[in-house]
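Here the structure comes first, spelled out in structure tokens, and everything after it is commentary.
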Amino acid sequence: MKKLILLLVICITTSVVYSQKDREQKLNKETNLIEVTEYHDNGLVSQEGTFNLEGELHGEWVSYNDQGEKISRGSYLNGQRTGIWYFWLGDSVKEVEYSKNAIASIDGVKNKNRLVDNH
């Protein structure tokens with residue numbers, strides 16, 4: 001059940017990422033990263049993050065639902081999820097650790113079999 005809920009949260013987050021219409025972006029000359037803010041149809045921020053110059057997700061990304069509540073936060077390294085990501089669902093928060101763009105552990109429990117491979 002825990003795996004199913006987490007998979008649902010990841011799917012929702014992914015659908016939020018790809019369903020945006022309005023976007024602002026600018027090049028930060030100090031970091032050489034493209035800073036991006038995307039908006040929901042209601043004008044609230046949907047997600048914020050950065051891309052490298054190759055167009056890959058790179059750096060911290062934060063996603064929000066259409067009511068402005070944070071639903072996920074994590075980092076990318078050259079297009080791959082890395083490190084600890086946080087997913088909020090109601091009053092609970094799940095920590096998911098990524099290694100090589102795959103889930104390595106959930107809330108500290110090591111995963112020998114990959115739940116999700118995002119290649």
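The values are calculated or read from the model by the stated rules, or taken from the named source; none is laboratory data. Just so it is clear, the model here is predicted, and its values are computed rather than measured. A quick note on method: Cβ atoms are made from the backbone with ideal geometry, for glycine too, and the neighbour counts reach across all protein chains shown.
What to note about this one:
- Number of positions in the range 61-82 that are loosely packed, with under 15 Cβ neighbours inside 10 Å and under 8 Å from the mean Cα position of the chain (by Cα): 0
- Residues in the range 107-119 that are assigned to a strand (DSSP E or B) and either closer than 26 Å to ASP66 by Cα or at pLDDT 95 or above (or both): there are none.
- Hey, LEU27 over 29 Å from ILE106 (Cα atoms) and either basic (Lys, Arg) or at pLDDT 95 or above (or both) or not: yes
- When restricted to residues that are assigned to a loop (DSSP other than H, G, I, E, B) and touching a helix residue (DSSP H, G or I) at 6+ places or on another chain (Cβ under 6 Å), the range 22-80 contains 0.
- Of residues in the range 32-60 being among the β-branched types (Val, Ile, Thr) and closer than 22 Å to ASN101 by Cβ, the one surrounded by the most Cβ atoms within 10 Å (Cβ to Cβ): THR50
- Filtering the range 84-100 to residues that are at pLDDT below 95 and surrounded by fewer than 17 Cβ atoms within 10 Å (Cβ to Cβ) leaves LEU89, GLY90, ASP91, SER92, VAL93, SER99, LYS100.
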